[in-house]
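The values are calculated or read from the model by the stated rules, or taken from the named source; none is laboratory data. Keep in mind that this is a model prediction, so the values were computed, not measured. Please note: Cβ atoms are built from the backbone with ideal geometry, for glycine as well, and neighbour counts cover all protein chains shown. Remember, those area values only see protein heavy atoms, side chains included, never the ligands or the DNA or RNA. Shrake-Rupley method; radii C 1.70, N 1.55, O 1.52, S 1.80 Å.
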Amino acid sequence: MADTGIRPDVFGAARLGYLVVESRRLTDWNRFGADAIGLHIDELTRDTLRFRLDDRECRFLVQRGPAEDVIAAGWEIDDHETFEVVLGRVAAAGLPVAEGSPEEAALRGVERLWRFPGPKGIATEIFTRVRTTAAPLRMRNTAFVTGRSGMGHLAITTTRPEQLHTYWNNLLDLRLSDRIVERIGPAKLNIRFLRSGQRHHSIALANVAGLALDPVRTSVQHVNIEIATLEDLLASFHRVTELGFAMAWSVGQHTNDRELSYYCVTPSGFELEVGWNPVVVTPEREQTWEPTTYQGISLWGHTAVGASVAVLMSRFQAAVRSLHEQEDTVPALSATALGSHR
C-alpha cells in the first residue's frame, strides 16, 4: 500500500474467524457441542476437539489445559496488503509478534498465523488464508450464518472500556454500532457494540459502572454464534435444557440488533449465545448509520434462569479474586487513539 501520509481505514476487511478454548472438560465439551448445541465435532486427539459451523476446518478449537476460558481469538484479514497494514500497526506500537508454528496453524484451519497480546489475556491472532473441507457437516442444525460476517461475536466485561475500545479501533478500525444501558442486580452496565463489517457487532464491551472489579471470572462473558433458522434455534434450546446443561438466560429479543437468542453456560463457565436473525448493517445502511443508545438489553424475554446458592457463591468468590488482578488492556495499543469511528 503506497504511503500517502494518511492512515488507511481497514474497516470491513477483517472478521472474527475462530476461537481457541483451553479446558480440562473435553468430554463435557464434546457432549455440549455435539449433542446439545448441535455442532459438527472432530475429535483430533484425546486432548483436542475442533468444532465446525461451515466449510471451514475450524471455528472452535478446544485444547486440554487449565484455563477454562477463551485464550485466543483469530481474525481473518481479506488480503496481504491489509494484513501488512494491521501488522504494521502492531509493530509500530512495539508489541511482540510471533508467527504460529505450522502445527498451530493446521489445528486452527489456517495456512499461517501471527500472534500478539490482546486485552484481558486473550491473544490476538491474524491470518489471511483458511483451510476448507468438502467433508459433509454432521450437525443437528440446518446451517449457521458466517461468510463475510465471520463466526459471531465476543462480549467482554471490563472496568476499562475506553482502553479496550481504543485497542480495537487502533487495530482494526471497528465502528460503533450503538450502546445499551442496563442494570443487572447491583451493576449498571453501559455496553458499546463495535462492528468490523456487516455483522452488527463483533465485539461488545460492557462497562461495569460503579464496581471496582470485573464480576466475570472468564476473559469473555459470552461468545455468540448465529443459527440460520428459528426452528433450529428453538430445537437447540430444548436440547440444552433436556440434557442438563445450565441455561443462563431464556429466549428473548435484543433492543438494538433485534436478534432472537438464548444464553447457556459452556463447560468452561463462560456463556454461549445462540442467536437468529439480527440486524445486518449492509453497505447501503452503512452510509446513514447513526449510533443510538438503548435503555435495556431486551425487548422481551432473556429472563434469568435460577442458579443454585453454590453457583452464586462461586461467582461471588471469582469476583472477589478479581480484585487482586489487574485487568490487562495492552497499553501499547490502547493508550492513545490513532484513528477511530466512535
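General remarks:
- Checked against the criteria, ASP69 does not count as farther than 22 Å from GLY197 by Cβ, open to solvent by 60 Å² or more (accessible area, probe 1.4 Å) and among the acidic types (Asp, Glu).
- Taking (1) buried (at least 16 other Cβ atoms within 10 Å of the Cβ); (2) at pLDDT 95 or above; (3) closer than 16 Å to ASP328 by Cβ; (4) over 17 Å from the mean Cα position of the chain (by Cα) in turn, VAL110 satisfies each apart from (3).
- Long-range neighbours under 6 Å by Cβ, at least six apart or interchain, first residue among the hydrophobic types (A, V, I, L, M, F, W, C) within region 215-226, second modelled with pLDDT under 95: VAL216/THR157
- Residue within region 67-90 that is of a type outside the set (D, E, K, R) and on the phi > 0 side of the Ramachandran plot present: no
- Some residue of region 283-297 being of a type in the set (A, V, I, L, M, F, W, C), modelled with pLDDT of 95 or more and in a strand (DSSP E or B): no
- Complete set of residues in region 23-38 that are closer than 20 Å to TYR263 by Cα and open to solvent by 10 Å² or more (accessible area, probe 1.4 Å): ARG25, ASP28, ASN30, ARG31, ALA34, ASP35
- Close contacts from region 13-33, counting a first residue that is at pLDDT below 95 and a second that is buried (at least 19 other Cβ atoms within 10 Å of the Cβ) and not polar (S, T, N, Q), with Cβ to Cβ under 7 Å and a gap of 6+ residues or different chains, come to none at all.
Residues are listed down the side, and each one gets a yes or a no for (1) over 19 Å from the mean Cα position of the chain (by Cα); (2) farther than 24 Å from LEU19 by Cα; (3) modelled with pLDDT under 95:
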| position | (1), (2), (3) |
| --- | --- |
| GLY210 | yes, yes, yes |
| PRO215 | no, no, yes |
| THR229 | yes, no, no |
| PHE237 | yes, no, no |
| GLU242 | yes, yes, no |
| ALA246 | yes, no, no |
| SER261 | no, no, no |
| VAL265 | no, no, no |
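- Per-region count, region 156-197, residues in a strand (DSSP E or B), open to solvent by less than 20 Å² (accessible area, probe 1.4 Å) and in contact (Cβ under 8 Å) with a residue 60 or more places away in the chain: 10
- The residue that is surrounded by the fewest Cβ atoms within 10 Å (Cβ to Cβ), among those in region 117-154 that are among the hydroxyl-bearing types (Ser, Thr, Tyr) and not in a loop (DSSP other than H, G, I, E, B), is THR132.
- Subset of region 76-116 (residues that are in a loop (DSSP other than H, G, I, E, B), over 16 Å from CYS58 (Cα atoms) and without any contact (Cβ under 8 Å) to a residue 24 or more places away in the chain): PRO96, VAL97, SER101
- Being outside any loop (DSSP other than H, G, I, E, B), aliphatic (A, V, I, L, M), out of contact with any Asp or Glu (no Cβ under 8 Å at 6 or more places or on another chain) and under 19 Å from SER149 (Cα atoms) is a condition met by no residue of region 238-249.
- Top-ranked residue of region 53-66 - restricted to ones that are of a type in the set (Lys, Arg) and open to solvent by 30 Å² or more (accessible area, probe 1.4 Å), ranked as nearest to ARG217 (Cα to Cα): ARG64
- THR142 being closer than 30 Å to ALA235 by Cα, of a type in the set (Val, Ile, Thr), without any contact (Cβ under 8 Å) to a residue 24 or more places away in the chain and out of contact with any Cys (no Cβ under 8 Å at 6 or more places or on another chain): no
- Unmet requirement for ARG129, which otherwise passes all of (1) closer than 30 Å to LEU230 by Cβ; (2) without any contact (Cβ under 8 Å) to a residue 60 or more places away in the chain; (3) among the basic types (Lys, Arg): (1)
- Scoring GLY269 on the criteria (1) closer than 25 Å to PRO119 by Cα; (2) assigned to a strand (DSSP E or B); (3) open to solvent by 30 Å² or more (accessible area, probe 1.4 Å); (4) modelled with pLDDT of 95 or more leaves a single failure, condition (2).
- Filter result for PHE32 (part of a loop (DSSP other than H, G, I, E, B) and not aliphatic (A, V, I, L, M)): no
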